[in-house]
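Student: Sharing a structure below in structure tokens format, with a few things to ask.
What follows draws every value from the coordinates through simple rules; no lab data is involved. Keep in mind that this is a model prediction, so the values were computed, not measured. Cβ placement follows ideal geometry from the backbone for every residue including glycine, while neighbour counts extend to all protein chains displayed.
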Amino acid sequence: MMRAWILPILLVLCGSVVAAAQIVKGDVGTAAVLLLVFLLLAGVNSPLIFPKSIGAQEAQRRSAVDGRPVVFWRPGCTYCMRLRLRLGRDAGRAYWVNIWRDAAGAAAVRAANDGNETVPTVVVAGRSHTNPDPGWVREQLSRAV
């Protein structure tokens, strides 16, 4: 759990230091802007922008019932963020599995990617797709029940 928050915490701390240095120089406006930028970066890199993660076994069970894709992801992954942001509101319809919190999810990703934990890995109808196009994932979501 803590590993997912290391980058966001570091971004907040660095932003605070940079903003404090600007305040000491007397440039409060720049300090506020820089702190805001670092806070936004921390938010985007945090697990908060992703839908609630569930376990791999539960996600695969649910997917077998309704056909929705299972997305294996990890915090800090730029490709995962791209997929999440490009899916928009539709992202909540997929089943998201954080491989840093779920050992079975990490094992499933390694099995699909020759031993590598390459994410995002999307599973649709039992077939794995590594770093698929967000438009394709959206299409799969629209086909699901």
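Student: No solvent, one uniform scatterer per C-alpha: report log10 I(q)/I(0) for the range 1-86 via the Debye equation at q = 0.12, 0.22 1/Å, two decimals.
Tutor: Here log10 of I(q) over I(0) equals -0.49, -1.01.
Student: Rounded to whole Å and sorted largest first, what semi-axes of the equivalent ellipsoid does the C-alpha gyration tensor of the range 2-48 yield via the square root of 5 times each eigenvalue?
Tutor: Numbers: eigenvalues 106, 20, 3 Å².
Gyration-tensor ellipsoid for the range 2-48: 23, 10, 4 Å.
Student: Cα centroid distance between the range 1-20 and the range 58-92, in Å?
Tutor: Each part's Cα centre sits 26 Å from the other's.
Student: Let me ask something else about it. Compute the acute angle (0 to 90°) between the alpha-carbon long axis of helix 78-87 and the principal axis of greatest extent of the alpha-carbon atoms of the chain; round to the nearest 10°.
Tutor: Taking Cα atoms only, the helix is inclined about 70 degrees.
Student: Another one. In degrees between 0 and 90, to the nearest 10, how far off the longest principal axis of the chain does helix 6-25 point, with axes built from Cα atoms?
Tutor: Its long axis makes an angle of about 20 degrees.
Student: Relative to the present Cα-Cα distance, how much length would full extension add between residue 30 and residue 93 at 0.36 nm per residue of separation? Show your work: numbers first, answer last.
Tutor: Numbers: separation 63, 0.36 × 63 = 22.68 nm, distance 3.97 nm.
Going from the current span to full extension adds 18.7 nm.
Student: If you don't mind, there's one more thing I want to ask. Only helical DSSP H runs with n ≥ 4 go in: add -39500 (n - 2.57) per run for the chain, normalise by residue count and round the 222 nm mean residue ellipticity to 500 deg cm²/dmol. Numbers along the way, then the final one.
Tutor: Values: 6 runs with 78 residues, N = 145.
My calculation for the chain gives -17000 deg cm²/dmol from helical runs alone.
Student: To the nearest 20 debye, what is the magnitude of the charge dipole of the range 51-143 about its Cα centre, counting +1 on the Cβ of each Lys and Arg and -1 on the Cβ of each Asp and Glu? Can you show the working numbers first?
Tutor: Details: 15 positive and 8 negative charges, 59 e Å.
Charge dipole, the range 51-143, about its Cα centre: 280 debye, nearest 20.
Student: Continuing with this model, one more query. GNM, the chain, Cα, under 10 Å: largest mean-square fluctuation among 75, 134, 47?
Tutor: Highest fluctuation among the options: 134.
Student: Angle, helix 103-112 long axis vs. longest principal axis of the chain, Cα atoms, 0 to 90°, nearest 10?
Tutor: Relative to the chain, helix 103-112 is tipped by roughly 70 degrees.
Student: Then there's this: Kindly give Rg over Rh for the range 51-143, based on alpha-carbon atoms, with the Kirkwood expression for the hydrodynamic radius. The partial results should precede the final answer.
Tutor: Numbers: Rg = 11.5 Å, Rh = 12.7 Å.
Rounded to two decimals, Rg over Rh is 0.91.
Student: Projected onto the charge dipole of the chain (+1 at Lys/Arg Cβ, -1 at Asp/Glu Cβ, origin at the Cα centre), which of 113, 63, 137 gives the Cα projection farthest towards the positive end?
Tutor: 63
Student: Using a Gaussian network for the chain with springs between C-alpha atoms less than 10 Å apart, which of these wobbles most: 49, 99, 23?
Tutor: 23
Student: Provide the gained length on full extension for the span residue 14 to residue 133, in nm with one decimal, where the gain is 0.36 nm per separating residue minus the Cα-Cα distance. The partial results should precede the final answer.
Tutor: Numbers: separation 119, 0.36 × 119 = 42.84 nm, distance 3.32 nm.
Computed gain between residue 14 and residue 133 is 39.5 nm.
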